[in-house]
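Asks: First the structure, then my questions, so here it is.
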Amino acid sequence: MTTTAAPHELLRLKSHMGRLALATTVLGSGMALLDGTIVNVALPTIGRELHADLAGLQWVVNAYALTLAAFILLGGSLGDRFGRRAMYAVGVGGFGCASALCALSPTVEVLIAARAIQGLCAALLVPGSLAILQASFHREDRMAAIGAWTGLLGVATASGPVVGGWLVERNWTWAFWLNVPLAVVVVVLALKFVPESRNPLASKHIDVAGVTLAVVGLAGLTYGLTSLSDGVSAPGLAVGCLGVLALGAFVWAEMHSHDPMVPPSLFANRVFSTINLVTLLVYAGLAAALLFLVLFLQTVAGWSALSAGAATLPLSVVMLAFAGRFGRLAAKSSPRPFMIAGTLVAAGGFVLLAMARRDASYLIDVFPGITLVGVGLAMTVAPLTGTVLAAAPDELAGTASGVNNAVARTAGLLAIAALPPLVGLGGADYASPGALAPAYRLAMLICAALLVGGAALTAFGLADRKTPCADSPHLDVTAR
């Protein structure tokens, strides 16, 4: 029997329950995001205390990225089938337990294994947080909720280097112990204040072939791309090719499966397909630009790691202040003009940053450009995310979120792997100011071009109307 949500069961953003539900999704997602930033700051200390070499430290980061990318599609699909709140709570609780294992790790090998478990749990909570927003709020409040979610997560991004530096100065294990009480709080809040939602028509049968091929494909592609940081190698190339072949087989299997993990009908929707392509371009440009900016400020301009990381603070502040507002405006009119203008404004910010002098001054060479990037992203991210979720039926919100997250993360990996050799960087060039400075300028211009491509794709691929909200009679939302 199909259960349909009554209007009063859906939340209003300005209500007490709505704010608590939003805070719950922000805290869980922020925990995962902040943890990644803090771990990056803690790597030198971890290396000294656990006697780890560079390859071991790389895998402390990559093990998390690998399992997160490999299982994120499965995480979104499980939420649709068995309950988004339930999977989110399991993911957050598992992340807290894995964090305790990280803190207790006696060797780098144990730490790498624990980080892989963290990534697996994050694959449940990351798509689950957005799916909860899509399924729990009234349609007219959804884009504003997603905008607020985006802006508030910027706080975690901005505070990462500062919080990480403070914690690591005391004990690197605090970076992981911090997650344990936070995970407990988030699980309690989720079970008490977040409505449960699922697709009641979804089969409880697990698409084993689809799951296996998606995991092998995403893991293989991620491994192949991350291995490029050490140069092209036969094992990395072979695993990467295996990943590509597995993803091709995944598409074929989903088209012929009775209970597909990712229904092919999602991509029959032109809006859904277009927005995911825009996501690929925007997040590729963003990931590569931020990486090159931090490298330039440290290697060429001579800034400290903390100062270089803190240089992006205006981006997060602007998104916190304006992402929710732009989300509300886009919901009232159309996301298309905001996405076009936003990607062009952010591209302009990258062009300004490309012009930074070698003895860069923060107020003259960095602040104007990074602030412009923040304004552009504030205009873009909430309408983009809201549109891709609204283009899918409500009962597939988790799957749609998983697909879009997988596209965004793969875009970052592709850009970070491909752009350095494309602009002539290799080996130890990252430490050479003479080699990095011209490569940085070219890389920033390429990133700007990627965002201009996103604007063009939005202009030609989306109609200028309100965000499409697929009406579905199959949404099961039960307020606790």
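Readers should treat all values here as calculations from the given coordinates under stated rules, not as data from a laboratory. None of these values were measured; they are calculated from a predicted model. In this analysis, Cβ positions are derived from the backbone assuming ideal geometry, glycine residues included, and neighbour counts consider all displayed protein chains.
Asks: What is the diffusion coefficient of the chain in µm²/s, taking the Kirkwood radius over Cα pairs and the Stokes-Einstein relation at 25 °C with a viscosity of 0.890 mPa s?
Replies: Rounded, D is 109 µm²/s.
Asks: Against the longest alpha carbon principal axis of the chain, how many degrees, from 0 to 90 and to the nearest 10, is the axis of helix 270-299 turned?
Replies: With both axes taken from Cα atoms, the answer is about 30 degrees.
Asks: Still on this model: Please list 88-98, 311-321, 380-390 highest first by mean number of surrounding beta-carbon atoms within 10 Å per residue.
Replies: The peptides rank, most packed first, as 380-390, 88-98, 311-321.
Asks: Any idea what the relative contact order of the chain is, in percent, if you count C-alpha pairs under 8 Å spaced at least 6 apart?
Replies: 25 percent
Asks: For a footprinting-style exposure proxy, rank ASP359, ASP394 by other Cβ within 10 Å, fewest first.
Replies: With the fewest neighbours first, ASP359, ASP394 line up as ASP359, ASP394.
Asks: With no solvent and one equal point scatterer placed on each C-alpha of the range 1-198, evaluate the Debye formula and give log10 I(q)/I(0) for q = 0.18 Å⁻¹, two decimals.
Replies: Treating every Cα as an identical point scatterer, log10 I(q)/I(0) equals -1.15.
Asks: Helix 234-256 versus the longest principal axis of the chain: what angle, 0 to 90°, nearest 10, using Cα atoms?
Replies: It works out to around 20 degrees.
Asks: Viscosity 1.306 mPa s, temperature 10 °C: what is the translational diffusion coefficient of the range 60-139 from Stokes-Einstein with a Kirkwood Rh over Cα pairs, rounded to a whole number of µm²/s?
Replies: 125 µm²/s
Asks: I've got another one for you. I'd like the distance separating the alpha-carbon centroids of the range 213-278 and the range 336-370, in whole Å.
Replies: 32 Å
Asks: Here is a follow-up. Place a +1 charge on the Cβ of each Lys and Arg in the range 266-468 and a -1 charge on the Cβ of each Asp and Glu, then give the dipole magnitude about the Cα centre in debye, rounded to the nearest 20.
Replies: It works out to roughly 420 debye.
Asks: May I pose another question? Can you give the helix-only mean residue ellipticity at 222 nm for the chain, where every DSSP H stretch with n ≥ 4 adds -39500 (n - 2.57) and the sum goes over all residues, rounded to the nearest 500 deg cm²/dmol?
Replies: Calculated from helices alone, the mean residue ellipticity at 222 nm is -26500 deg cm²/dmol.
Asks: What net charge do the residues around GLY147 carry, taking every other residue with its C-beta under 12 Å from that of GLY147, with Lys and Arg at +1 and Asp and Glu at -1?
Replies: Spelling it out: positives minus negatives among the neighbours equals +2.
Asks: Could you work out how far helix 208-227 tilts from the main Cα principal axis of the chain, as a 0 to 90 degree angle to the nearest 10?
Replies: Relative to the chain, helix 208-227 is tipped by roughly 20 degrees.
Asks: Here's another thing I want to ask about it. Run the numbers on the range 207-260 and let me know its relative contact order in percent, using alpha-carbon pairs under 8 Å that are six or more apart.
Replies: 48 percent
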